[in-house]
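Derivation of every value follows stated rules applied to the coordinates shown; laboratory data play no part. Since the structure is predicted, the reported quantities are computational estimates derived from the model, not experimental observations. Reconstructed Cβ throughout: ideal geometry from the backbone, glycine too, with neighbour counts over all protein chains shown.
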Ligand code: GLU
């Protein structure tokens, strides 16, 4: 898709000039600008107040040195980041990613997307993101701990329960949140809800661990029901990834009667036509921190294939990319379409390339974009914040029910906005427009210096 209006083209050119060498950030901005063209056309007040120009520029971007000592006694230096993108509707909120690919572009694309996603949840959360190019793979527990402590020693000056509330993302799970929270508490001498995804003994919320994956399936179910009078039941499902999002997406998919036939990690994928045995995957990934290839050695009839892209050549009804950005390209999308995929919903952030998204939309495949489909994780983080503020915790059923309502609400907000702006059923446009409008109205209310 091309940008049509000269107004949006100018904004995009400025963003390109200011953020050279940051392809993921530019990709994320471009998609949003394309979606917002019909919105801005209807709302000259938004254009007059320069809302879009302001939203593509983060409020604050922090980069810092993280020095730590490895098990051999050598000093290691990594780069830490936190982008505080937009705080119009609530404290900055978004995860921390630990992965060697992390750089300014990745953090800014994630932070930008987070603003719209958080807005869509209906909860009062602004957008932020952070992380480091630290590679957790192969590191000992002690190394992970020392890295997290050093990272938090700097980060703790910039965050707070009413300012900025980080959480997990790739490479950051319960263990890392524990080390980060412990260090924050020690330095600040405060027991507050400054991070989410905490352990259940110190302020965590039930369902948070499962929330992104479960939410993805609640969204997919709603999308299938409302747009095709169909459901997950009996469908063949391919899920890329085998981290937290993928595992709990698979769990809920199976609970809803779907058959998950493949999962992957950064080395390759396993195919099990009889249905993936999640107890085995959990044992490998959550307990042993091993590789998905081990699955094929343990389960008769399952096969392992080296390389990740081939997973999209498997015939399925529903595809759920839950690994990482740009993992599903135009070619993979064409293959899925040729195999008659019905629905694609994104568990990872921006896993489909623009060519893939274009292909799904043109071919009439139901497409749930990440901002909407994977918002269950951060939504439940929002519920964790509410419980921390109340110094109280809800039961699993209570949180799960709220999550289901939120995901259904997100689908309807995105769907209604797509219809309002002349592209009924285009949930990319709908999610961007609906997420944007709540922030835009708030920024209008604040006047012109925000
Ligand atoms: N990293 C998750 C996301 O991409 C969750 C963020 C959070 O819980 O704050 O939305």
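Structural remarks
Residues checked against (1) farther than 19 Å from residue 326 by Cα; (2) surrounded by 24 or more Cβ atoms within 10 Å (Cβ to Cβ):
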site	(1), (2)
23	no, no
40	yes, no
43	yes, no
49	yes, no
83	yes, yes
101	no, no
105	no, no
115	yes, yes
118	yes, yes
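- The sole residue among 38, 91, 58 that is touching a residue at least 24 places away in the same chain (Cβ under 8 Å), touching a helix residue (DSSP H, G or I) at 6+ places or on another chain (Cβ under 9 Å) and within 20 Å of residue 195 (Cβ to Cβ) is 91.
- Those residues of the stretch 174-194 which are in contact with a helix residue (DSSP H, G or I) (Cβ under 6 Å, 6 or more places away or on another chain) and within 14 Å of the ligand (Cβ to nearest atom), in sequence order: 176, 180, 193, 194
- Out of 306, 346, sole residue that is within 16 Å of the ligand (Cβ to nearest atom) and in contact (Cβ under 8 Å) with a residue 12 or more places away in the chain: 346
- Of everything listed in (1) more than 16 Å from the ligand (Cβ to nearest atom); (2) part of a helix (DSSP H, G or I); (3) within 30 Å of residue 203 (Cβ to Cβ), the single unmet condition for residue 331 is (3).
- Residue within the stretch 146-158 that is in contact with a strand residue (DSSP E or B) (Cβ under 8 Å, 6 or more places away or on another chain) and under 30 Å from residue 414 (Cβ atoms) present: no
- When residue 163 is tested against the conditions (1) away from the ligand (no atom under 13 Å from the Cβ); (2) under 20 Å from residue 384 (Cβ atoms); (3) in contact with a helix residue (DSSP H, G or I) (Cβ under 8 Å, 6 or more places away or on another chain), the lone failure is (3).
- Wholly enclosed helices (runs of 4 or more DSSP H) of the stretch 31-123 bearing at least 1 residues under 26 Å from residue 146 (Cβ atoms): 104-120
- Sole residue being assigned to a helix (DSSP H, G or I), within 22 Å of residue 33 (Cα to Cα) and touching a strand residue (DSSP E or B) at 6+ places or on another chain (Cβ under 7 Å), chosen from 336, 361: 361
- Matching entry among 228, 209 (being surrounded by fewer than 23 Cβ atoms within 10 Å (Cβ to Cβ) and within 15 Å of the ligand (Cβ to nearest atom)): 209
- Some residue of the stretch 135-157 being within 12 Å of the ligand (Cβ to nearest atom) and either crowded, with 24+ Cβ neighbours inside 10 Å or free of Cβ contacts under 8 Å to residues at least 12 places away in the same chain (or both): no
- Residues satisfying the stated conditions in the stretch 341-358, i.e. on the phi < 0 side of the Ramachandran plot and part of a loop (DSSP other than H, G, I, E, B): 341, 342, 346, 347, 348, 349, 351, 353
- Considering residues of the stretch 364-380 that are within 11 Å of the ligand (Cβ to nearest atom) and not in a helix (DSSP H, G or I) only, the residue surrounded by the fewest Cβ atoms within 10 Å (Cβ to Cβ): 374
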